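The values are calculated or read from the model by the stated rules, or taken from the named source; none is laboratory data. This structure is a prediction, so every number in the text was calculated from the model and none was measured. Reconstructed Cβ throughout: ideal geometry from the backbone, glycine too, with neighbour counts over all protein chains shown.
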Amino acid sequence: MHELLTNLTTKIWTTRGCRFIAAKRYEKHDRYSAIVISALSVFTIGINLIPLFYTEYNYFNKIGLCTIILSIILLSVSQYIYARDYKVKSLKYHACARELSILLDKGELIKQRGNLREEDIIAISEKYNSILDQYDNHKDIDLNNFYAQNKETFITKVGKCPFCFFIKLYWNKLCEIYFWYLILGLVIPILSVLFIIL
């Protein structure tokens, strides 16, 4: 009975950790997307101001075309980000983790109390499943991140080559969070400037 409760509290602890990590990940998405949208907007406006200050250059056609393309990209990205609803997802994952924290505390109190009853374990298990039914599941990247943060506990999950596990984890983080924002925030403006100049 004690082992059953220990397994259940470990599962709750793991899920709670993954939900907190997912909340942080979506918070980063929300922050970076706002920065990139703002930067692209300022850049698009700035390109339109070039003819006011540099009248000797004849870039009007290229600037007009570049502005249209940037506006379409900006509109598309804004709609995509709005549809993803990163802030709301972050708040929901955080709320789920907080509910799981309360449940985990109850499980630990029952464990400390010593007299384990089957009804208590069933009640905690049902509440755990009830909480999970209310929220979306986290992604594998969140679970792997949790394993990395608790590698002493999850030695078998990290594997025989921890270095390979961490390289894979950080590569996935780079692709999941930072890659698209770097393209939108750096590559598109650089390509725009090169298009106008060349």
Can you pull out every residue in the range 81-100 that is farther than 30 Å from Val36 by Cα and surrounded by 16 or more Cβ atoms within 10 Å (Cβ to Cβ)?
Glu99, Leu100
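Confirm whether Lys87 is in contact (Cβ under 8 Å) with a residue 60 or more places away in the chain and assigned to a helix (DSSP H, G or I).
Yes.
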Count, please, the residues in the range 23-65 that happen to be free of Cβ contacts under 8 Å to residues at least 40 places away in the same chain and crowded, with 17+ Cβ neighbours inside 10 Å.
1
Got at least one residue in the range 90-102 being under 30 Å from Leu198 (Cβ atoms), aromatic (Phe, Trp, Tyr) and part of a helix (DSSP H, G or I)?
no
Cβ-Cβ under 9 Å pairs, at least 6 apart or on other chains, the range 154-169 side within 22 Å of Thr15 (Cα to Cα), far side of a type in the set (D, E, K, R) and assigned to a helix (DSSP H, G or I)
Phe165/Lys157
By my count, helices (runs of 4 or more DSSP H) wholly in the range 120-198 with at least 1 residues that are closer than 18 Å to Arg19 by Cβ and charged (D, E, K, R) are 140-149, 155-158, 162-173
Can you spot a residue in the range 66-78 that is assigned to a loop (DSSP other than H, G, I, E, B) and exposed (fewer than 14 other Cβ atoms within 10 Å of the Cβ)?
no
Please work out which one of (1) more than 20 Å from Leu104 (Cα to Cα); (2) under 18 Å from the mean Cα position of the chain (by Cα); (3) surrounded by fewer than 17 Cβ atoms within 10 Å (Cβ to Cβ); (4) among the polar types (S, T, N, Q) is the condition Gln149 fails and give its number.
(1)
Pull out all pairs, ordered by first then second residue, where Cβ-Cβ is under 7 Å, the residues are six or more apart or on different chains, the first lies in the range 137-149 and is under 12 Å from Thr14 (Cα atoms), and the second is among the aliphatic types (A, V, I, L, M) and at pLDDT 95 or above.
His138/Ala22; Asp142/Ile21; Asp142/Ala22; Asn145/Ile21; Phe146/Ile21
Is there a residue in the range 3-18 that is within 14 Å of Leu184 (Cα to Cα) and either in contact with a Lys or Arg (Cβ under 6 Å, 6 or more places away or on another chain) or in a helix (DSSP H, G or I) (or both)?
no
